[in-house]
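The values are calculated or read from the model by the stated rules, or taken from the named source; none is laboratory data. Computed from a prediction, not measured in an experiment: that's the story for all the values here. Neighbour counts are summed over all protein chains in view; Cβ atoms, including those assigned to glycine, are modelled from backbone coordinates with ideal geometry.
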């Protein structure tokens, strides 16, 4: 009896094999979709640069024209309610940062720019978390654009300079100015701050300084954001 069991070990059933193949296929599809999204983003930026369309300002404007912001009652005054960590991926925040000894702007926001992978139930689908930031590579400053599916938001990993596509190389500055509804200027902005009314700026000015000192060139543009919100204070 013992020899019979050893000589005839139980193998996998057809159902078990099919389930394993289905799980493996799902994992491979997710990995391929994420890789394809990253490669498509980098290729799109390179194509715009090769076509002489400047340092991707049109791409930044397109992202901002599709900015996503939660509306009440899904968004509530953070100072009057418990912090909801799942809503931080929809926060619009611009700060002053340091890169290569220079003060530059950094901007993160959610956009309806298409993503290649789906979102889980309970969260809006097709929303991307975008970050524009400057990183020093030795003495050179590069402007990067990071994009992640919003449902994969990680506040500590919004920027990965070694992997994020470069929007503009060897820049001298990246500066953003924000205007509220009264026309007042601000160097920073945060839709989680009561001082901004938890709203988006009505207008943004974008300035990128290119080239070395002797060949410096400044590219500027302005954009009026298409949406906003009102929150009870």
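Test residue 198 against the stated conditions and say whether it is under 18 Å from the mean Cα position of the chain (by Cα), more than 21 Å from residue 56 (Cβ to Cβ) and buried (at least 18 other Cβ atoms within 10 Å of the Cβ). When the stated conditions are applied, residue 198 does not pass them.
Being loosely packed, with under 15 Cβ neighbours inside 10 Å, farther than 16 Å from residue 167 by Cβ and in contact with a strand residue (DSSP E or B) (Cβ under 7 Å, 6 or more places away or on another chain) is a condition met by at least one residue of the range 202-211. All of 59, 70 fail the test of being under 30 Å from residue 134 (Cα atoms), part of a loop (DSSP other than H, G, I, E, B), in contact with a helix residue (DSSP H, G or I) (Cβ under 9 Å, 6 or more places away or on another chain) and modelled with pLDDT of 80 or more, apart from 70.
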